[in-house]
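To start, the structure under review is shown below, and the notes come after it.
Just so you know, all these numbers are worked out from the coordinates, no wet-lab data involved. All values derive from a computational prediction rather than experimental measurement. Virtual Cβ from ideal backbone geometry, glycine too; neighbours counted across all protein chains shown.
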Amino acid sequence: MTIRSPYKRHSWWRSQASRGLLYQALLLSLCLAGVWYLAHNTLLNMSARGIQSGWDFLNDAAGFDIGESVVSYDALDPYWKAFLVGVFNTLRVAVIGVVAATVLGTLLGVGRFSHNAIVRGFCYGYVELFRNVPVLLQLLMWYLLLTEALPSLDQAISFGSIAWLSKSGLILPVPVWEFGHATAGIGMVIGLVAASLYRREAHQHFEASGRQHSMVWLPMAIVAFGGLAGWLVGGAPSTWSIPTVDGFVMNGGASVTPEFLGVLLGLVLYTAAFIAEVVRSGLNAVAHGQSEAAASLGLNRRQAIRLVVLPQAMRVIIPPITSQYLNLTKNSSLAVAIGYPDIVSVANTTLNQTGRAVECVAIIMAVYLTMSLATSTFMNWYNRRAAIKER
Amino acid sequence: MFKHFTNLAFVASAAALFASTAHAGKTLDAVKQRGQLVCGVSTGVTGLSQADSSGNWSGLDVDVCRAVAAAVLGDASKVKWVPLTTPQRFTALQSGEIDVLSRNTTWTLSRDASLGLQFTGVTYYDGQAFMVPVKGNVKNPAQLKGASVCVQAGTTAERNLTDFSRANKLGIKPVVFEKQEAVSGAYFAGRCAAITIDASALASMRNNEAKDPKEHVILPTLISKEPLGPAVRRGDDEWAAIVKWVVYGLIEAEEYGITQANVDKVLSESGDPAVLRILGKSEDTGKWLGLDRDWMVKAVKASGNYGEMFERNLGPASSVNLPRGLNSLWSKGGLMFAPPIR
């Protein structure tokens, strides 16, 4: 029989655990009450002032055009679709920007270790110049350069009469979409699967026998072969839409606006400077003894970097680089200053046409929050994969 | 990062959260107690509202606020100017940050009925036009097929452009900027084949920002009606009446030949009953509005009558150089018609 102490039975509040729960519940309800009070009061005051509120406007016709769009959009489409166009335009800058900034930043970061003094000096100068000038100024500068310095459309700089660069942007030829492109895509996916199977097989063989296999070039060749085979099966389509310029109109091809170019250039060059520093710090964090140890095991320089230095550097690099990705995404909201129709620009117009300030600002915040959380979730997953596995 | 939006959101929420003490009919009391009228103007449109290098504001919209301040406080200089971007303007008025919005704002149904504000008359009958470089040889907006057109975000202009493009199947690509300076900057840099906004604003832009004003032409086709006028918060009818009747009073003053220079002389010498009523000599017209008896005398002394305001800020003698056109008095073939003051 257990003896229950009367002391314990009567005073649950003396237990640290239950008191902790009580405090947390109190704090939570205070926060919730605060939020409720603010929201309720806002709605009450808005209706007292005759300001309409609510989300019903999202189904009304937007009535304004958007200069560039990834998805098809018409001025008669509802507001939610206009927002969608804005989200896609923001994503376009963010995704392309993150990839380009990573490539450029890595090159610059590695360049700081170059044995060539000119390369080293250039990378150093680049980083110091671009990370110390406010990003909004950089965006404005690139946009001014693109619109002031380039010739007008009728005197566009021609690249072999198939692509043009002018104040109206970059005009490029694009392949005309046909069935063969879909089969080429399927072929590449099959190639990708085959290549990863090959790599796993080759790795197991290496572990067992010590014999090395091509781990980069051969898999890439397999993917390329898959794409080529798919393209041939699909009838080898090779029609290109070559743009022609007629007055203000560009027929055929695809165009990249100077607004998009300006935003992309500004954000990529700015963020690359930070990524370069992150990469440099990551490489510096791996003790020199690690390379020497790798060499003493008989690994050549490339193997030492790929198998010993990089995996350790990545652990240092990933968390801060995640912050840089988030910064780039959020900084893309500055695009509104140079006329790029991102989510902020669309919300701006909507806000003015409908007067729903609270709702529109809430949408912008929700969009950036979602994008940032998605990015950091992915990067955290990647970070866990790269982290030291204790065995 | 969200500079404009933090402003906006802050103003909106601060007002909505804490300003529940603002009751209907209290704006006049608040202005008198403060001893200052807070007037929302643009960030710079020559002829309508613009500050010079020493911070002195001038323009038609500015003169309206001066006249209101003079009528209410007896001193045209007691105005605090709040420059607002287009997205900020309605929130600033709704939230109580400003008393009057006199900022080249088009009177439309949705703005009048759903934004918690009301318009108090028309001070300028405008229309939306296109400006193009002369060398492009465009004579008619219908020639702008597929062209990029620079336009300001959140204006009626953006929507009119879309409607015009759809109606004429032009496929115009709008390039949208938030600030008017950015819109005109992009146009003069050659980014767009045309720029579109109210004709008055185009004229002022051409004069101030073009390297050579002769290189740009404003196409005569107007694609919209843009009645511009001051707006006040909804729910304060007394205050709305004051702003409305100051505007009407300035038009009446022109009709009866009362000018900034002759107002004292007219007051003592005129025998015209209508003039004596307007100036509050024979009848106390001010008390119905909660103002002093000589409210119109002060207003005309501050800004001159409507015709003088137009000539000084927009007329052929000014740098904007616009014809009076639709903004002439009704008796001279224009649309300016004020209900009688009596």
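Fewest to most neighbouring Cβ within 10 Å: what's the order for B:Glu97, B:Glu252, A:Glu128?
Numbers: B:Glu97 17, B:Glu252 24, A:Glu128 12.
Taking fewest neighbouring Cβ atoms as first place, the list is A:Glu128, B:Glu97, B:Glu252.
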- Please build a GNM for chain A, connecting alpha carbons under 10 Å apart, and tell me which residue among A:Thr354, A:Thr239, A:Thr147 fluctuates the most. A:Thr239
- Dividing the convex hull volume of the Cα atoms of chain A by its residue count, what figure in Å³ per residue is obtained? 301
- Of A:68-79, A:220-231, ordering from highest average Cβ density within 10 Å down gives A:220-231, A:68-79
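Looking at segment B:128-224 only, what percent of DSSP beta bridges run antiparallel? Nearest 5 please. Mind showing how you got there, number by number?
Working: 7 of 14 bridges.
Taking every DSSP beta bridge within segment B:128-224, about 50 percent pair in antiparallel fashion.
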- Among A:Phe159, A:Phe274, A:Phe88, whose mean-square fluctuation peaks in a Gaussian network model of chain A (Cα, cutoff 10 Å)? A:Phe159
- Cα-based Rg / Dmax (Å) for segment A:95-140: 12.0, 36
- Could you work out how far the C-alpha centroid of segment A:350-391 sits from that of segment A:224-293, in angstrom? 23
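Summing -39500 (n - 2.57) over the DSSP H runs of n ≥ 4 in chain B and dividing by its residue number, what mean residue ellipticity at 222 nm do you reach, to the nearest 500 deg cm²/dmol?
Taking each H run of at least 4 residues, the total per residue is -11500 deg cm²/dmol.
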- Message: Could you tell me the center-to-center distance, by alpha carbons, between segment B:48-122 and segment B:166-233 in angstrom?
- Response: 22
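Longer than 27 Å from Cα to Cα, which of B:Lys214/B:Lys332; B:Lys80/B:Lys332; A:Lys81/B:Lys139; B:Lys211/B:Lys301; B:Lys139/B:Lys332; B:Lys139/B:Lys169 are they? Say none if no pair is. Numbers along the way, then the final one.
Values: B:Lys214/B:Lys332 31 Å; B:Lys80/B:Lys332 35 Å; A:Lys81/B:Lys139 35 Å; B:Lys211/B:Lys301 37 Å; B:Lys139/B:Lys332 30 Å; B:Lys139/B:Lys169 18 Å.
Exceeds cut-off: B:Lys214/B:Lys332; B:Lys80/B:Lys332; A:Lys81/B:Lys139; B:Lys211/B:Lys301; B:Lys139/B:Lys332.
Could you give the alpha-carbon Rg of chain B over 2.2 N^0.38 Å, rounded to two decimals? Please report the intermediate quantities before stating the final value.
Working: Rg = 20.6 Å, N = 342, 2.2 N^0.38 = 20.2 Å.
Normalised by 2.2 N^0.38 Å, the Cα Rg of chain B equals 1.02.
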- Query: Other chains' Cβ within 10 Å of A:355-361 residues: what's the mean?
  - Reply: 6
- Note on the structure: Rounded to the nearest 5, the percent of antiparallel DSSP beta bridges in chain B equals 55
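Using Cβ contacts closer than 10 Å as the measure, can you line up A:Leu136, B:Leu37 from fewest to most? It would help to have the intermediate numbers written out before the result.
Values: A:Leu136 16, B:Leu37 26.
Neighbour counts put them in this order, fewest first: A:Leu136, B:Leu37.
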- Positive dipole terminus of segment B:128-224, leading residue within B:Leu170, B:Ala203, B:Gly185 (C-beta point charges): B:Leu170
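With helices defined as uninterrupted DSSP H runs, which ones in chain A have an alpha carbon span along their own long axis of at least 27 Å and mean Kyte-Doolittle hydropathy of at least 0.5? Could you put the intermediate results ahead of the total?
Values: long enough: A:16-48 (47 Å, 0.80); A:79-111 (47 Å, 1.57); A:179-209 (44 Å, 0.29); A:258-285 (40 Å, 1.30); A:310-331 (30 Å, 0.10); A:357-386 (43 Å, 0.75).
Membrane-span-like by this rule: A:16-48, A:79-111, A:258-285, A:357-386.
So if I average 1/r over every pair of distinct C-alpha atoms in segment B:128-224 and take the inverse, what Kirkwood radius in Å does that give? Don't jump to the answer; show the numbers that get you there.
On the way: mean 1/r = 0.0773 Å⁻¹.
For segment B:128-224, inverting the mean 1/r across all distinct Cα pairs yields 12.9 Å.
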- Under the rule rounded for a/c under 1.5, else prolate if a/b exceeds b/c, else oblate, using alpha carbon gyration tensor axes a ≥ b ≥ c, segment B:225-336 is classed as oblate
- Task: Treat every Asp and Glu Cβ in chain A as -1 and every Lys and Arg Cβ as +1, leave all other atoms uncharged, and give the resulting dipole magnitude about the Cα centre to the nearest 20 debye.
- Result: 2540
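Taking every DSSP beta bridge with both residues inside the protein assembly as shown, roughly what % is antiparallel (nearest 5)?
Details: 34 of 49 bridges.
Rounded to the nearest five, the antiparallel share is 70 percent.
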- Task: For segment A:194-272, report the convex hull volume of the alpha-carbon atoms normalised per residue, in Å³, without decimals.
- Result: 158
- Connecting every pair of Cα atoms under 10 Å apart in chain A and solving the GNM, the largest mean-square fluctuation among A:Gly185, A:Gly111, A:Gly125 falls on A:Gly185
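How large is the Kirkwood hydrodynamic radius of the protein assembly as shown, in angstrom, based on all distinct alpha carbon pairs?
Value: 30.4 Å, from the Cα pair sum.
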- Backbone N under 20 Å from the A:Ala221 label point (7 Å along Cα→Cβ), restricted to segment A:185-200: A:187-200
- For B:Trp288, A:Trp80, A:Trp164, what ranking results if the residue with the fewest other Cβ atoms within 10 Å of its Cβ goes first? B:Trp288, A:Trp80, A:Trp164
- Rounded tilt (10° steps) of B:156-167 against the dominant C-alpha axis of chain B: 40
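Explain nothing, just the number: relative contact order of chain A, from Cα pairs under 8 Å at least 6 residues apart, as a whole percent.
Values: 456 pairs, mean separation 79.9, N = 391.
So the answer I get is 20 percent.
Give the residue list of trypsin sites (Lys or Arg not before Pro) in segment B:152-246 that are DSSP loop and have at most 15 other beta-carbon atoms within 10 angstrom. Kindly include the intermediate steps, with their values, before the conclusion.
Details: sites: B:Arg159, B:Arg166, B:Lys169, B:Lys179, B:Arg191, B:Arg206, B:Lys211, B:Lys214, B:Lys225, B:Arg233, B:Arg234, B:Lys244; in loops: B:Lys169, B:Lys179, B:Arg191, B:Lys211, B:Lys225, B:Arg234.
Qualifying residues, ordered by number: B:Lys169, B:Lys211, B:Lys225.
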- Item | Nearest-ten-degree value, helix B:3-18 long axis tilted from longest Cα axis of chain B | 40
